[in-house]
Structures are given as C-alpha cells and as structure tokens.
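Chemist: Sharing a structure here in structure tokens format.
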Amino acid sequence: MQVVVDSLLTHYETKGSGPLIVLLHGWGDSAAGLLALQNALAKHYTVIAPDLPGFGSTEAPHEVWGLDEYAQFVAHFLQKIDAGPVTVLAGHSNGGAIALRGLGNNVLTADKLVLLASAGIRGEYKGRVRALRYMAKAGKALTAPLPKAMKQKIRKKAYHTIGSDMLVAEHLQETFKKVVTDDTRKDAVALTIPALLLYGEQDDATPVRFGELYHECIPNATLEVLSGAGHFVHLDRPQQVIRAIEDFAQ
C-alpha cells in the first residue's frame, strides 16, 4: 500500500486484525525484512510495517534527517492512515532508536515498547565513530581523481573494513552520520510504559551490553538474551521472538 506522508511517497504493509502493533525496521532494511514476524503476529493483531524514508519503496528525505525527523515522520504516517491507538511499538536496530526518540519526546504514543537488538547507545564507540568520519574524509580525498565507478568500489571496500553501514544506503550518508551520533538513553529514562528488550547473544552490531544499558535506564523493562542469535534476532530465533512479543502484548 502507498500513501504520501510529508511529501514523500511511502510504502507500507498492513496485515491482520485486532490490537495494533507497529514494526519499524533498521538501517538499510525495509518492511520486507520484518515480513515473517509481521505475518506471525497478524494471526492475533493488526500489524503495520512501513518502509522508512530512504529504504524499501519509500522516497528518501529531501534534507538531512536525524532520529527526531524519523520519529516525527512515523507519527505523521500513523495519523495519515488513521491507525488508531498503538498497543505495541516495536523497533529493530535503528528502528528501536527511532521508537525511543518518539516516545521520549511524546511524539509517539504506545501502551508498550519492544526493542529488537535496538541501536541508540552511542557513547560506547566514540573512537569508532571518529575513525569512520576520518576514513570518510580521507577516502573522498584519495579517490577524487579516479573515475566514479572506481571511486565507489574503493570507498565501499574501505567502509566495509571499518564496519560501516553507511554504504548500505550511500544516498543517505549525511543522515547516517547524524543518526549514529545521537544517543537515546535520555529518551529511555523518560519512558513510563513497559518495555521488552530482546538482544542476540552473538550480536556484534548492537551487543548485549546495549540491552543491559537500556535495562538500567528504562524503569519498567525486561531484558531477554537469546542464545545463539545475532543482530537479526527475529530471523535467528523467530519462534522465541514471536512468543515473547505475544506474551508481552497481552
């Protein structure tokens, strides 16, 4: 389905009936990456999953965005489609950071929050972020005289070496830089609703330590660490995630 939100043609999927669950995907992903989870939860709930701006089939923002703009977009999207009260707001990775920002600023409202390997803990890797910025500048300077195709190939290899997701969405580089320097712990502290935190034991992108820090911040939070799961906990341990969300949503 498609709708225009904040002048952006927006794609979203809606399935099922009953109390509303909203799913927000992570950086570089789309609603399609949450499809299996959406289908499972749709047996008992209405489940809406949008492609966030710049990903999937939704147009990219016309300006540099941060978590505030993405949270505002989600709020406008839910208003535009007349979604109604949200029972559970669930976000994977960067989608979790967006959910936290929206709830922390009272831009979004929900009865409960689910964080799936959520990002948003920024201070733990300041050195890595500085390295990313340095490499980005150096890469641009060193490859400037080369043909465009060759420049892109070299830069992509360089970013991969330091573990950057920037080139997953190269057209959103400045937005990526803004997002990855914005810490959401202050938003987590402000939460008054119950939260379920699901993190993968083997996740290197948003490690269990992130879940522990959020667990310390959020007054009414439950942390579950899924054995053997990586960053995509909903794909690595689908039945555990589905069962945990359904039990939590009741």
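Here, each number is a calculation from the coordinates, and none is a lab measurement. Just so it is clear, the model here is predicted, and its values are computed rather than measured. No Cβ is skipped: glycine too gets one built from the backbone with ideal geometry, and neighbour counts run over all protein chains shown.
Chemist: How do S227, S93 line up, fewest other C-beta atoms within 10 Å first?
Modeler: The fewest-first ordering by Cβ neighbours comes to S227, S93.
Chemist: Hey, fewest Cβ within 10 Å first, where do I121, I245 land in order?
Modeler: Fewest-to-most ranking of I121, I245: I121, I245.
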